[in-house]
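Student: Handing you a structure now.
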Amino acid sequence: MHVAKELSLPCQPRVLALLMRELLGDVPNMRRVNQLFGGDPVLAAQLMQCANSSAFQMAGQVRGIAPAIVLLGARQLKGLLKKAELGLTVRATAGIDMAQFARISHATAKLARNLAGLTGLDGSAAYMAALLHALGQIILHQTQPERVAVLNQEASIWDPRRPRLEAKHWGYSANSTTAALLRSWNLPSDVVASIQSLEAPMATESFDPMAGLLHLAVWCSRAKHVGWSERTMADTFPVDVALALGVDVDVVLQQEAIDWHQSMY
């Protein structure tokens, strides 16, 4: 999967402004900084790219937002945000509501972290992977707008059936595009592999629990967002993945409901 080297990934201007204000203070509240980065998938991705770059000699080792913030420190974080300011000229990506994109990605990340707590997996890595998993949609909307527009008429980017339609029409999904991007940015190889496999975790030769966790988190959050009924969710729930993870189906479905229209702040 080829990913263009020069991408315009638009963050949320309000989140960027809040981060700048926080970091310009005398004593930045790093917990607040963590929360803000954790609510914007584009800024979080740029943070992870920087932390895993050769400049810090930690390529492929930084697995979460909090350790990335500690590694960079306030001065480097300010530099990252100033660079992100240059991308504010791209305020939207055709076909994608970026505020909604951030809300759904953030909600999926919280669900993934909850599921990690149930399965004993790395909650920080699960949160980060789920937060970033949909970045491929931005890339595809920018680089292949005509092809994407045709598919958008059949199913929205948040429809749980969307990845299968992408694979059917294109031979690959947006998840693969995300994985290619994050691989090029030297993010941990196992996390990238989990994103690559999240749509069909049972199809791999060896079951990857993180890919299974991401599959459940992404499926549940999208099904709730598009308004599937409880009956439809129960009938179509990926039971095989839940069983492989050793989690109860009802426990997954009863995770705290998300108010999709409420601000994350």
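Student: With all protein chains present, how much of the accessible area of the range 106-190 (probe radius 1.4 Å) comes from carbon and sulfur, to the nearest whole percent? Walk me through the numbers on the way to the answer.
Tutor: On the way: 1540 of 3260 Å².
Ligands and nucleic acids excluded, carbon and sulfur reach 47 percent.
Student: Right, next: Using only helices, what value at 222 nm comes out for the chain when you add -39,500 (n - 2.57) per DSSP H run of length 4 or more and divide by the total residues, to the nearest 500 deg cm²/dmol? Don't skip to the answer; put the middle values down first.
Tutor: On the way: 15 runs with 165 residues, N = 265.
My calculation for the chain gives -19000 deg cm²/dmol from helical runs alone.
Student: Too long at a 30 Å Cα-Cα cut-off: which of Lys82/Lys168; Lys83/Lys168; Lys83/Lys224; Lys83/Lys110? Walk me through the numbers before you get to the answer.
Tutor: Details: Lys82/Lys168 40 Å; Lys83/Lys168 37 Å; Lys83/Lys224 35 Å; Lys83/Lys110 27 Å.
With Cα atoms farther than 30 Å apart: Lys82/Lys168; Lys83/Lys168; Lys83/Lys224.
Student: Assign one of three labels to the range 1-87, namely rounded, prolate or oblate, based on the Cα gyration tensor with a ≥ b ≥ c the square roots of its eigenvalues; rounded applies when a/c is under 1.5, prolate when it is not and a/b is larger than b/c, and oblate otherwise. Walk me through the intermediate numbers first.
Tutor: Details: a/c = 1.84, a/b = 1.23, b/c = 1.49.
It is oblate, given that a/c is not under 1.5 and a/b is not larger than b/c.
Student: From largest to smallest, what semi-axes in whole angstrom does the range 157-197 give when each is the square root of 5 times an eigenvalue of its alpha carbon gyration tensor? Don't skip to the answer; put the middle values down first.
Tutor: On the way: eigenvalues 89, 18, 12 Å².
Over the Cα atoms of the range 157-197, the ellipsoid semi-axes are 21, 10, 8 Å.
Student: Another one. List the longest stretch of the chain that has no exposed loop site; here a site is one of the trypsin sites (Lys or Arg not before Pro) assigned by DSSP to anything other than H, G, I, E or B, with at most 11 other Cβ within 10 Å.
Tutor: Counting at most 11 other Cβ atoms within 10 Å as exposed, the longest clean stretch of the chain is 92-265.
Student: Right, another one. Calculate, for the range 137-212, the solvent-accessible area per residue in square angstrom, rolling a 1.4 angstrom probe over the heavy atoms of the protein chains. Don't skip to the answer; put the middle values down first.
Tutor: Details: 3400 Å² over 76 residues.
Roughly 45 Å² per residue, with all protein chains present.
Student: Still on this structure, please answer the following. Using the Cα gyration tensor of the range 84-231, with a ≥ b ≥ c the square roots of its eigenvalues, what is the shape: rounded (a/c below 1.5), prolate (a/b larger than b/c) or oblate (neither)? Intermediate results must be reported in sequence, preceding the final value.
Tutor: Values: a/c = 1.40, a/b = 1.28, b/c = 1.09.
It is rounded, given that a/c, with a ≥ b ≥ c, falls under 1.5.
Student: Net charge around Asn34, counting only other residues with Cβ within less than 14 Å of its Cβ (Lys, Arg = +1; Asp, Glu = -1)? Don't skip to the answer; put the middle values down first.
Tutor: Numbers: positive: Arg31, Arg32, Lys110, Arg113; negative: Glu22, Asp40.
Once all neighbours under 14 Å are counted, the net charge is +2.
Student: Which of Gly171, Gly246, Gly123 moves the most in a Gaussian network model of the chain with Cα springs under 10 Å?
Tutor: Gly171
The values are calculated or read from the model by the stated rules, or taken from the named source; none is laboratory data. These numbers were taken from a predicted model, which means no experiment stands behind them. Every residue, glycine among them, receives a Cβ derived from its backbone with ideal geometry; neighbour counts consider all protein chains shown. We work out accessible area using only protein heavy atoms, side chains counted, and drop any ligands, DNA or RNA first. Shrake-Rupley method; radii C 1.70, N 1.55, O 1.52, S 1.80 Å.
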